[in-house]
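Input: a single structure, listed below in C-alpha coordinates.
The values are calculated or read from the model by the stated rules, or taken from the named source; none is laboratory data. Treat the numbers as computed from the prediction; the structure is a model and nothing was measured. Using ideal geometry, Cβ is built from the backbone for each residue, glycine included, and neighbour counts are taken over all protein chains shown. Ligands, DNA and RNA are excluded from the accessible area calculation, which covers all protein heavy atoms including side chains. Shrake-Rupley method; radii C 1.70, N 1.55, O 1.52, S 1.80 Å.
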Amino acid sequence: MNSNLQPRVIVSGGGTGGHIFPAIAIADALKKRFPQAEILFVGAKDRMEMDRVPKAGYPIEGLWISGFKRELSLDNLSFPFKLISSMCKARKILKRFKPDVVIGVGGFASGPTMKMAASMGIPIVIQEQNSFPGVTNKMVAKKAAKICVAYNNMDKWFPNDRIVLTGNPLRNNIKPLDGKRDESVAFFGLDPNKKVILLVGGSQGALGINKGISAQLKSFNDNDYQMIWQTGKFYYDKAMQEVKDNDLQDRIKCTVFIDRMDLAYAAADVVISRAGAMSISELSLLNKAVVFVPLPTAAEDHQTKNAMSLVDAEAAMIVRNDETETRLLPTVFNLLTDDEKQNKMRDNIVAFAKPNAAEDIVDQIELILNKK
(Lines give C-alpha, C1' and ligand atoms only; values in the text may rest on other atoms or scores of the structure.)
Protein backbone atom coordinates (compact mmCIF):
# COMPACT_ATOMS: atom_id res chain seq x y z
CA MET A 1 0.00 0.00 0.00
CA ASN A 2 1.28 3.45 -0.94
CA SER A 3 -0.55 5.87 1.35
CA ASN A 4 1.58 8.74 -0.01
CA LEU A 5 -0.36 8.74 -3.25
CA GLN A 6 -2.50 11.83 -3.77
CA PRO A 7 -5.04 10.59 -6.31
CA ARG A 8 -7.69 12.73 -7.91
CA VAL A 9 -10.86 10.67 -8.20
CA ILE A 10 -14.31 11.30 -9.64
CA VAL A 11 -17.21 9.17 -8.38
CA SER A 12 -20.23 9.33 -10.66
CA GLY A 13 -23.80 8.08 -10.42
CA GLY A 14 -26.75 8.13 -8.07
CA GLY A 15 -30.48 8.54 -8.33
CA THR A 16 -31.34 6.21 -5.46
CA GLY A 17 -29.81 5.23 -2.14
CA GLY A 18 -28.79 1.93 -3.73
CA HIS A 19 -26.31 3.85 -5.87
CA ILE A 20 -25.45 6.72 -3.54
CA PHE A 21 -24.55 4.85 -0.37
CA PRO A 22 -22.00 2.50 -2.01
CA ALA A 23 -20.50 5.52 -3.79
CA ILE A 24 -20.00 7.30 -0.47
CA ALA A 25 -18.61 4.12 1.10
CA ILE A 26 -16.00 3.86 -1.67
CA ALA A 27 -15.08 7.51 -1.22
CA ASP A 28 -14.71 7.03 2.54
CA ALA A 29 -12.45 4.00 2.00
CA LEU A 30 -10.34 5.97 -0.49
CA LYS A 31 -9.94 8.83 1.98
CA LYS A 32 -8.98 6.41 4.73
CA ARG A 33 -6.24 4.85 2.61
CA PHE A 34 -5.14 8.04 0.83
CA PRO A 35 -5.75 10.96 3.20
CA GLN A 36 -4.53 13.46 0.57
CA ALA A 37 -6.94 12.23 -2.10
CA GLU A 38 -9.13 14.78 -3.88
CA ILE A 39 -12.59 13.34 -4.53
CA LEU A 40 -15.36 14.91 -6.59
CA PHE A 41 -18.84 13.46 -7.13
CA VAL A 42 -20.82 13.95 -10.32
CA GLY A 43 -24.55 13.39 -9.99
CA ALA A 44 -27.85 14.28 -11.63
CA LYS A 45 -29.47 17.61 -10.86
CA ASP A 46 -32.55 17.43 -8.66
CA ARG A 47 -31.79 13.85 -7.56
CA MET A 48 -31.14 12.83 -3.97
CA GLU A 49 -27.34 12.67 -4.37
CA MET A 50 -27.27 16.48 -4.60
CA ASP A 51 -28.34 16.52 -0.94
CA ARG A 52 -26.87 13.31 0.43
CA VAL A 53 -23.32 13.65 -0.90
CA PRO A 54 -22.60 17.11 0.60
CA LYS A 55 -23.99 15.86 3.92
CA ALA A 56 -21.36 13.12 3.74
CA GLY A 57 -18.66 15.77 3.32
CA TYR A 58 -17.91 15.63 -0.41
CA PRO A 59 -18.33 18.21 -3.19
CA ILE A 60 -20.69 17.34 -6.04
CA GLU A 61 -21.54 18.77 -9.45
CA GLY A 62 -24.85 18.06 -11.16
CA LEU A 63 -25.64 17.14 -14.75
CA TRP A 64 -28.95 17.87 -16.49
CA ILE A 65 -29.82 14.24 -17.13
CA SER A 66 -32.65 11.81 -16.50
CA GLY A 67 -33.64 8.34 -17.64
CA PHE A 68 -35.28 7.48 -20.94
CA LYS A 69 -38.76 6.18 -20.20
CA ARG A 70 -39.71 2.93 -21.94
CA GLU A 71 -43.35 3.96 -22.25
CA LEU A 72 -44.50 6.83 -24.45
CA SER A 73 -43.79 10.07 -22.62
CA LEU A 74 -43.35 13.74 -23.46
CA ASP A 75 -40.31 13.69 -21.15
CA ASN A 76 -38.50 11.58 -23.76
CA LEU A 77 -38.54 14.52 -26.17
CA SER A 78 -36.03 16.36 -24.00
CA PHE A 79 -33.77 13.35 -23.48
CA PRO A 80 -31.44 13.98 -26.49
CA PHE A 81 -30.90 17.57 -25.36
CA LYS A 82 -30.22 16.47 -21.78
CA LEU A 83 -27.76 13.85 -22.99
CA ILE A 84 -25.81 16.30 -25.17
CA SER A 85 -25.78 18.87 -22.37
CA SER A 86 -24.56 16.30 -19.86
CA MET A 87 -21.84 14.97 -22.16
CA CYS A 88 -20.53 18.51 -22.70
CA LYS A 89 -20.60 19.36 -19.00
CA ALA A 90 -19.02 16.03 -18.04
CA ARG A 91 -16.16 16.74 -20.48
CA LYS A 92 -15.62 20.19 -18.95
CA ILE A 93 -15.56 18.72 -15.44
CA LEU A 94 -13.06 16.04 -16.47
CA LYS A 95 -10.77 18.54 -18.21
CA ARG A 96 -10.83 20.88 -15.23
CA PHE A 97 -10.54 18.30 -12.42
CA LYS A 98 -8.05 16.00 -14.24
CA PRO A 99 -8.94 12.77 -12.39
CA ASP A 100 -6.56 9.82 -12.25
CA VAL A 101 -9.52 7.45 -12.27
CA VAL A 102 -13.31 7.68 -12.60
CA ILE A 103 -15.58 5.33 -10.67
CA GLY A 104 -19.12 4.70 -11.92
CA VAL A 105 -21.74 3.26 -9.57
CA GLY A 106 -24.67 3.35 -12.00
CA GLY A 107 -27.52 5.80 -12.28
CA PHE A 108 -28.33 8.60 -14.69
CA ALA A 109 -25.18 10.72 -14.29
CA SER A 110 -22.80 7.78 -14.54
CA GLY A 111 -23.34 7.24 -18.28
CA PRO A 112 -22.18 10.61 -19.67
CA THR A 113 -19.33 10.86 -17.17
CA MET A 114 -17.98 7.35 -17.79
CA LYS A 115 -18.33 7.58 -21.57
CA MET A 116 -16.50 10.90 -21.71
CA ALA A 117 -13.77 9.68 -19.36
CA ALA A 118 -13.19 6.58 -21.49
CA SER A 119 -13.02 8.70 -24.67
CA MET A 120 -10.38 10.90 -23.01
CA GLY A 121 -8.24 7.92 -22.02
CA ILE A 122 -8.98 8.20 -18.28
CA PRO A 123 -9.18 4.79 -16.53
CA ILE A 124 -12.71 3.90 -15.45
CA VAL A 125 -13.88 1.46 -12.77
CA ILE A 126 -17.41 0.06 -12.63
CA GLN A 127 -19.10 -0.88 -9.37
CA GLU A 128 -22.17 -2.99 -10.15
CA GLN A 129 -24.42 -3.71 -7.18
CA ASN A 130 -26.99 -6.04 -8.73
CA SER A 131 -27.17 -9.53 -10.16
CA PHE A 132 -28.58 -7.99 -13.35
CA PRO A 133 -26.50 -4.95 -14.39
CA GLY A 134 -27.88 -1.57 -15.30
CA VAL A 135 -27.90 -0.22 -18.85
CA THR A 136 -25.14 2.32 -18.16
CA ASN A 137 -22.68 -0.19 -16.78
CA LYS A 138 -23.30 -2.61 -19.64
CA MET A 139 -22.68 0.17 -22.15
CA VAL A 140 -19.27 1.19 -20.79
CA ALA A 141 -18.05 -2.24 -19.63
CA LYS A 142 -15.74 -2.83 -22.60
CA LYS A 143 -13.82 0.34 -21.72
CA ALA A 144 -13.49 -0.42 -18.00
CA ALA A 145 -10.16 -1.22 -16.39
CA LYS A 146 -11.89 -3.07 -13.54
CA ILE A 147 -15.47 -4.19 -12.92
CA CYS A 148 -16.28 -4.79 -9.25
CA VAL A 149 -19.35 -6.98 -8.77
CA ALA A 150 -21.37 -8.49 -5.94
CA TYR A 151 -22.60 -11.68 -7.63
CA ASN A 152 -21.08 -14.60 -9.49
CA ASN A 153 -21.72 -15.36 -13.18
CA MET A 154 -21.51 -11.73 -14.28
CA ASP A 155 -19.44 -12.69 -17.33
CA LYS A 156 -22.76 -12.95 -19.18
CA TRP A 157 -22.61 -9.15 -19.43
CA PHE A 158 -19.05 -8.10 -18.63
CA PRO A 159 -15.56 -9.04 -19.94
CA ASN A 160 -14.47 -11.87 -17.67
CA ASP A 161 -10.83 -10.76 -17.44
CA ARG A 162 -11.82 -7.50 -15.74
CA ILE A 163 -14.40 -8.81 -13.27
CA VAL A 164 -13.51 -8.82 -9.57
CA LEU A 165 -15.94 -10.24 -6.99
CA THR A 166 -15.83 -7.70 -4.16
CA GLY A 167 -19.36 -7.53 -2.81
CA ASN A 168 -21.20 -4.27 -2.23
CA PRO A 169 -19.60 -1.51 -0.16
CA LEU A 170 -21.78 -0.44 2.75
CA ARG A 171 -22.27 2.87 4.53
CA ASN A 172 -19.96 3.15 7.50
CA ASN A 173 -22.58 4.22 10.02
CA ILE A 174 -24.43 0.91 10.26
CA LYS A 175 -21.73 -1.01 12.14
CA PRO A 176 -21.27 -1.93 14.92
CA LEU A 177 -24.70 -2.28 16.48
CA ASP A 178 -23.61 -3.78 19.80
CA GLY A 179 -24.82 -1.76 22.74
CA LYS A 180 -27.01 0.56 20.67
CA ARG A 181 -30.45 -0.88 21.41
CA ASP A 182 -31.17 1.36 24.40
CA GLU A 183 -30.11 4.40 22.40
CA SER A 184 -32.16 3.27 19.41
CA VAL A 185 -35.45 2.74 21.23
CA ALA A 186 -35.03 6.11 22.93
CA PHE A 187 -34.26 7.76 19.58
CA PHE A 188 -37.44 6.44 17.97
CA GLY A 189 -39.59 6.77 21.10
CA LEU A 190 -40.20 3.03 21.47
CA ASP A 191 -40.84 0.74 24.44
CA PRO A 192 -37.63 -1.21 25.23
CA ASN A 193 -39.67 -4.21 26.42
CA LYS A 194 -41.58 -4.77 23.18
CA LYS A 195 -40.38 -6.33 19.93
CA VAL A 196 -39.79 -4.04 16.96
CA ILE A 197 -40.49 -4.41 13.24
CA LEU A 198 -38.44 -2.24 10.89
CA LEU A 199 -40.00 -1.53 7.51
CA VAL A 200 -37.58 -0.09 4.94
CA GLY A 201 -38.97 0.38 1.45
CA GLY A 202 -35.90 1.94 -0.15
CA SER A 203 -35.00 5.61 -0.37
CA GLN A 204 -38.28 6.48 -2.14
CA GLY A 205 -40.54 4.20 -0.10
CA ALA A 206 -42.34 1.13 -1.50
CA LEU A 207 -45.98 1.46 -2.50
CA GLY A 208 -46.73 -2.28 -2.52
CA ILE A 209 -45.34 -2.74 0.99
CA ASN A 210 -47.03 0.40 2.28
CA LYS A 211 -50.40 -0.77 0.96
CA GLY A 212 -49.87 -4.15 2.58
CA ILE A 213 -49.32 -2.52 5.96
CA SER A 214 -52.31 -0.21 5.53
CA ALA A 215 -54.58 -3.12 4.66
CA GLN A 216 -53.91 -4.86 7.96
CA LEU A 217 -52.85 -2.01 10.23
CA LYS A 218 -55.72 -2.79 12.62
CA SER A 219 -54.12 -6.17 13.39
CA PHE A 220 -51.57 -4.32 15.54
CA ASN A 221 -54.40 -3.96 18.07
CA ASP A 222 -54.18 -7.72 18.67
CA ASN A 223 -50.53 -7.69 19.83
CA ASP A 224 -47.89 -5.55 21.52
CA TYR A 225 -45.46 -5.25 18.62
CA GLN A 226 -43.98 -1.92 17.53
CA MET A 227 -42.89 -0.71 14.10
CA ILE A 228 -40.59 1.86 12.54
CA TRP A 229 -42.30 2.59 9.22
CA GLN A 230 -40.16 4.28 6.58
CA THR A 231 -42.91 5.39 4.23
CA GLY A 232 -41.16 7.50 1.59
CA LYS A 233 -42.36 11.06 0.99
CA PHE A 234 -45.37 10.17 -1.18
CA TYR A 235 -47.04 7.89 1.41
CA TYR A 236 -46.09 9.66 4.62
CA ASP A 237 -49.21 11.77 5.13
CA LYS A 238 -51.52 8.82 4.44
CA ALA A 239 -49.58 6.56 6.80
CA MET A 240 -49.58 9.16 9.57
CA GLN A 241 -53.35 9.60 9.26
CA GLU A 242 -53.97 5.84 9.34
CA VAL A 243 -51.77 5.43 12.42
CA LYS A 244 -53.64 8.26 14.13
CA ASP A 245 -57.06 6.86 13.15
CA ASN A 246 -56.10 3.53 14.76
CA ASP A 247 -54.63 5.20 17.85
CA LEU A 248 -51.24 3.56 17.25
CA GLN A 249 -49.00 6.63 17.56
CA ASP A 250 -47.18 5.16 20.56
CA ARG A 251 -46.30 1.95 18.75
CA ILE A 252 -45.85 2.86 15.07
CA LYS A 253 -43.33 5.55 14.19
CA CYS A 254 -43.61 6.90 10.65
CA THR A 255 -40.73 8.61 8.90
CA VAL A 256 -40.09 9.71 5.31
CA PHE A 257 -36.44 8.68 5.40
CA ILE A 258 -34.21 7.19 8.09
CA ASP A 259 -30.93 9.05 8.56
CA ARG A 260 -29.79 6.93 11.52
CA MET A 261 -30.03 3.49 9.94
CA ASP A 262 -27.62 2.15 12.54
CA LEU A 263 -30.18 2.89 15.26
CA ALA A 264 -33.08 1.58 13.18
CA TYR A 265 -31.28 -1.71 12.60
CA ALA A 266 -30.23 -1.90 16.26
CA ALA A 267 -33.87 -1.61 17.34
CA ALA A 268 -35.21 -4.16 14.87
CA ASP A 269 -36.07 -7.75 15.74
CA VAL A 270 -37.46 -8.42 12.24
CA VAL A 271 -36.98 -6.35 9.09
CA ILE A 272 -39.35 -5.97 6.12
CA SER A 273 -37.41 -4.93 3.02
CA ARG A 274 -37.23 -4.85 -0.73
CA ALA A 275 -34.61 -7.25 -2.11
CA GLY A 276 -32.28 -4.74 -3.70
CA ALA A 277 -28.61 -5.60 -3.71
CA MET A 278 -27.60 -3.02 -1.11
CA SER A 279 -30.40 -4.00 1.28
CA ILE A 280 -29.35 -7.65 1.09
CA SER A 281 -25.71 -6.76 1.67
CA GLU A 282 -26.51 -4.67 4.75
CA LEU A 283 -28.94 -7.15 6.25
CA SER A 284 -26.48 -10.00 5.71
CA LEU A 285 -23.67 -8.10 7.41
CA LEU A 286 -25.93 -7.29 10.35
CA ASN A 287 -27.36 -10.86 10.49
CA LYS A 288 -30.96 -9.71 10.70
CA ALA A 289 -34.11 -11.81 10.42
CA VAL A 290 -35.79 -10.45 7.30
CA VAL A 291 -38.93 -10.83 5.21
CA PHE A 292 -38.23 -9.72 1.64
CA VAL A 293 -40.86 -8.22 -0.66
CA PRO A 294 -39.10 -8.07 -4.06
CA LEU A 295 -39.90 -5.22 -6.42
CA PRO A 296 -41.71 -7.00 -9.30
CA THR A 297 -40.76 -4.37 -11.90
CA ALA A 298 -36.99 -4.70 -11.34
CA ALA A 299 -35.07 -5.60 -14.49
CA GLU A 300 -35.27 -9.34 -15.26
CA ASP A 301 -37.06 -9.71 -11.92
CA HIS A 302 -33.62 -9.71 -10.33
CA GLN A 303 -34.91 -8.78 -6.87
CA THR A 304 -36.88 -12.03 -6.70
CA LYS A 305 -33.77 -13.93 -7.79
CA ASN A 306 -31.74 -12.11 -5.14
CA ALA A 307 -34.25 -12.95 -2.43
CA MET A 308 -34.69 -16.59 -3.43
CA SER A 309 -30.96 -17.22 -3.09
CA LEU A 310 -31.39 -16.42 0.62
CA VAL A 311 -34.75 -18.15 1.01
CA ASP A 312 -33.29 -21.37 -0.44
CA ALA A 313 -30.52 -21.17 2.17
CA GLU A 314 -33.10 -20.69 4.96
CA ALA A 315 -31.61 -17.25 5.55
CA ALA A 316 -34.74 -15.18 4.83
CA MET A 317 -38.45 -15.32 4.04
CA ILE A 318 -40.33 -13.91 1.06
CA VAL A 319 -43.77 -12.42 0.41
CA ARG A 320 -44.68 -11.51 -3.16
CA ASN A 321 -45.62 -7.92 -3.86
CA ASP A 322 -49.16 -8.88 -4.90
CA GLU A 323 -49.64 -10.81 -1.64
CA THR A 324 -48.70 -8.04 0.79
CA GLU A 325 -52.27 -7.06 1.67
CA THR A 326 -53.12 -10.58 2.84
CA ARG A 327 -49.82 -12.23 3.85
CA LEU A 328 -47.23 -9.64 4.88
CA LEU A 329 -48.14 -8.81 8.46
CA PRO A 330 -49.33 -12.36 9.32
CA THR A 331 -45.97 -13.69 8.09
CA VAL A 332 -44.07 -11.13 10.15
CA PHE A 333 -46.16 -11.67 13.28
CA ASN A 334 -45.71 -15.45 13.04
CA LEU A 335 -41.96 -15.00 12.66
CA LEU A 336 -41.83 -12.78 15.75
CA THR A 337 -43.37 -15.59 17.81
CA ASP A 338 -40.78 -18.13 16.60
CA ASP A 339 -37.42 -17.32 18.21
CA GLU A 340 -35.86 -20.55 16.92
CA LYS A 341 -36.65 -19.66 13.31
CA GLN A 342 -35.37 -16.11 13.76
CA ASN A 343 -32.08 -17.36 15.19
CA LYS A 344 -31.64 -19.86 12.36
CA MET A 345 -32.21 -17.17 9.75
CA ARG A 346 -29.74 -14.84 11.48
CA ASP A 347 -27.10 -17.58 11.58
CA ASN A 348 -27.58 -18.44 7.90
CA ILE A 349 -27.70 -14.93 6.45
CA VAL A 350 -24.16 -14.16 7.66
CA ALA A 351 -22.80 -16.39 4.88
CA PHE A 352 -23.93 -13.76 2.35
CA ALA A 353 -21.99 -10.91 3.97
CA LYS A 354 -18.85 -9.35 2.47
CA PRO A 355 -17.68 -6.90 5.14
CA ASN A 356 -14.51 -5.75 3.34
CA ALA A 357 -16.09 -4.80 0.01
CA ALA A 358 -15.11 -1.11 0.07
CA GLU A 359 -11.50 -1.92 0.91
CA ASP A 360 -11.38 -4.60 -1.79
CA ILE A 361 -12.62 -2.08 -4.36
CA VAL A 362 -9.97 0.41 -3.27
CA ASP A 363 -7.39 -2.37 -3.74
CA GLN A 364 -8.40 -2.51 -7.40
CA ILE A 365 -8.28 1.26 -7.73
CA GLU A 366 -4.82 1.31 -6.18
CA LEU A 367 -3.57 -1.17 -8.77
CA ILE A 368 -4.69 1.25 -11.46
CA LEU A 369 -3.13 4.25 -9.73
CA ASN A 370 0.20 2.44 -9.38
CA LYS A 371 0.29 1.86 -13.14
CA LYS A 372 -0.03 5.55 -13.93
Exercise. Just checking, how many residues over the stretch 220-255 are crowded, with 16+ Cβ neighbours inside 10 Å, touching a helix residue (DSSP H, G or I) at 6+ places or on another chain (Cβ under 9 Å) and in a helix (DSSP H, G or I)?
Worked result: 4
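Restricting the stretch 1-20 to residues that are of a type outside the set (A, V, I, L, M, F, W, C) and under 20 Å from Lys92 (Cα atoms), which is surrounded by the fewest Cβ atoms within 10 Å (Cβ to Cβ)? Show your work before the answer.
Looking only at the stretch 1-20, we keep the residues that are of a type outside the set (A, V, I, L, M, F, W, C), and these are 2-4, 6-8, 12-19.
Narrowing the set further to residues that are under 20 Å from Lys92 (Cα atoms) leaves 7-8, 12-14.
Details: Pro7: 19, Arg8: 15, Ser12: 35, Gly13: 31, Gly14: 30.
Per the stated criteria, the residue is Arg8.
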For this session: Identify the single condition in (1) modelled with pLDDT of 95 or more; (2) open to solvent by 60 Å² or more (accessible area, probe 1.4 Å); (3) more than 27 Å from Asp322 (Cβ to Cβ) that Lys175 does not satisfy, given that it satisfies every other one.
Result: (1)
Seminar exercise, completed: Residues of the stretch 318-343 being assigned to a helix (DSSP H, G or I) and more than 20 Å from Val196 (Cβ to Cβ), in sequence order, are Asn321, Asp322, Glu323, Glu325, Thr326, Arg327
Exercise. If you take the residues in the stretch 295-317 that are assigned to a loop (DSSP other than H, G, I, E, B) and either farther than 27 Å from Lys195 by Cβ or in contact with a Gly (Cβ under 9 Å, 6 or more places away or on another chain) (or both), which one is most open to solvent (accessible area, probe 1.4 Å)?
Worked result: Thr297
Exercise. Counting only residues that are over 14 Å from Ile361 (Cα atoms) and out of contact with any strand residue (DSSP E or B) (no Cβ under 8 Å at 6 or more places or on another chain), which one in the stretch 21-46 is most open to solvent (accessible area, probe 1.4 Å)?
Worked result: Gln36
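Kindly indicate whether any position in the stretch 207-219 is assigned to a loop (DSSP other than H, G, I, E, B), farther than 21 Å from Pro355 by Cα, aliphatic (A, V, I, L, M) and in contact (Cβ under 8 Å) with a residue 40 or more places away in the chain.
no
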